[in-house]
Amino acid sequence: MPFIEPSVTLPGSGSTEPMMSAAEQKPDPQLLPAPIRRRVSLRGRLVLLVAVGLAFLVVERAGIIAGQRDALIRAEQTRALNLTDRGMGQYRETIAAVRATLQTLSLDTQALLAAAPHCAELQGALDLVPQIAGLAVADTAGRVRCATNPDNTGLDLSGRDYMQLALKGIPNLSSLTLSQVSNTPSIVVAEPVVNEDGDVDGVIMARVQLDMLFPITVISDLDISAALLMIDAEGNLIESSPAPSPGSAGSLRDTPLGDKMLSRSSGTFEGPGPDGVTRIYGFTRLPESNMRLAVGLSAAALTDELRDSTLRAGLIFLAVCALIFLGLWLAGDRLVVRPVRQLAARLAEFGRDTEAGSAMPATRITELEPLVVAVGEMSQRLTERETALRGANQKLMALASRDPLTDLPNRRAFDEALRGCWDEPVPVALLMIDIDHFKEFNDQYGHSAGDSALRRVAAALAREVRTGDVLARIGGEEFVALLPGSGEGEAARIASRLRRAVEHLAIAHARSPFRLLTVSIGYAGVPAERVGQPGELLIAADRALYAAKAAGRNAIHAWTKDHGVDRGEGGANFSAGAAAARS
């Protein structure tokens, strides 16, 4: 193939001439930089000047500060964990002492079960063991036959989890409960009485108040800035010293501290507590229970020390920066400003002149072409990436607003929908729906069956709501239906359809009084000319739901502003409908 000599169009001439070879070109000697300058680019000059002045200082000071902070935090974490271990040791000692007392009393349980006058022996044991707030003996039917509190005699405790385990021969501790007499938090220690044949003859129980498990002497060496917390398995605050801030609502659920404590058996955490003060917490799970104990130590001393160290490093950094910027200011004209001005002048001249002799040399334009091409390609890539990111963000927003198990809108999507319809001048009704005895369902059939039941219930509810209504899953077994444009009458009709739809699924539930899976529904509504906040409507529907639960479940109740909870349909009177659905 013959060689074709490249040509170039001269600006303003409209004609082309053969491009000179590199050997034929004669560049202006004044435009050629000194040989040593060609070895260092403009970017290299700036990086070199800044890096030499700052790199060593930043790395050295950052390493020292980080090391000091880590050492101080590790020491406080160890101290906090040691304090929680002390609290747990006191807990173990108290439980062991109570169990030893129960085992001693169990030797005479037959006499206690046979005649009420023998209850005096329980009172004597109660006087000898101050950790015990009350004692009781139950027969194999779970009924209290003898108790230090006469009001408890005859109570049927067979439905309590701790009683059911004890009747199976398993010693256990109850969840935290409030005493009916003193209204103080306590736990029940249940000890089965097993005869020589291995059968359970009865159960002896002791109620231990929470303050006896953790007396103040355990934390006697804490200063006034420290904190002591106890939470249950749901993240609710059992004890908190100091008191939580008003906005904490008495729970650590969905807080960084609560999530960390509930996700591990023991560990440490640095951050704000329920009172809003940042501390270093050590926490541990209490044996044989789901309660967590946490001790928080103030981080103020560490913060003050680190602040002083950082201030000193900052002053040094500013001084060094001032020297570097002064050097850049003095050297900038020669190293930065002058080359940039020369380039700008050549580009301006190339855009204005029409004379070939005054144009920028072709080699100079060629050197700028990679930058122009790179900027264009970068702009195109950024546009493509921005489009891809927008698509990905839309997908993520859709995923973030859906419940993965039921494919219904989640709590976030529901809150947005409620806020959106609240500003519309139409009546709004809200249904709060909760599956009855769902924990027992999971215990009986397993979580896989529970997930399947949730999906079936969600599908049944979704078929019954209208177009434009919002049905969402906002909790484990809790759903909510938002009915824009509906009054309380329409809400009652829809609630009835939803309740019957779930009942007609006929999902077997051996541990439900209805023998199948049912829902309870509470609803509330507001007119178009409303006042207040959306959250008040949610609270009203939730109160109505509690009323439906209290009425025996598988029920519907309404909340009205003037009369509180109104009786709806369902409850114990609807057992016949449940039986019909099973058939």
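The values are calculated or read from the model by the stated rules, or taken from the named source; none is laboratory data. What you see is a predicted model; the values in this text were computed from it and never measured. Cβ placement follows ideal geometry from the backbone for every residue including glycine, while neighbour counts extend to all protein chains displayed. These area figures cover heavy atoms from the full protein model, side chains too; ligands, DNA and RNA do not enter into them. Shrake-Rupley method; radii C 1.70, N 1.55, O 1.52, S 1.80 Å.
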query: What does the charge count near SER265 come to, summing +1 for each Lys or Arg and -1 for each Asp or Glu among other residues with Cβ under 10 Å from its Cβ?
result: +3
statement: With all protein chains present and a 1.4 Å probe, the order of ILE231, ILE324 from largest accessible area down is ILE324, ILE231
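Net charge near GLY202: determine it from the other residues with C-beta under 12 Å of the C-beta of GLY202, scoring Lys and Arg +1 and Asp and Glu -1. All intermediate terms of the calculation are to be shown ahead of the outcome.
Values: positive: ARG143, ARG145; negative: ASP108, ASP139, GLU191, ASP199, ASP201.
Net charge around GLY202: -3.
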- line: Rounded to the nearest 10 Å², the 1.4 Å probe accessible area of SER452 is 50
- request: Compute, for THR268, the solvent-accessible surface of its heavy atoms (probe 1.4 Å) with the complete set of protein chains present, and express it in square angstrom to the nearest 10.
  value: 30
task: State the extension gain, in nm to one decimal, for the chain segment bounded by THR177 and ASP259, taking 0.36 nm per residue of separation less the distance between their alpha-carbons.
output: 27.3 nm
- line: Cα-only Rg/Rh for segment 395-477 with Kirkwood Rh rounds to 1.01
- line: Reduced to Cα centres, the span from segment 136-153 to segment 248-292 in Å works out to 37
query: What is the magnitude of the charge dipole of segment 451-513 about its Cα centre, with +1 placed on the Cβ of each Lys and Arg, -1 on the Cβ of each Asp and Glu, and no other charges, expressed in debye to the nearest 20?
result: 220
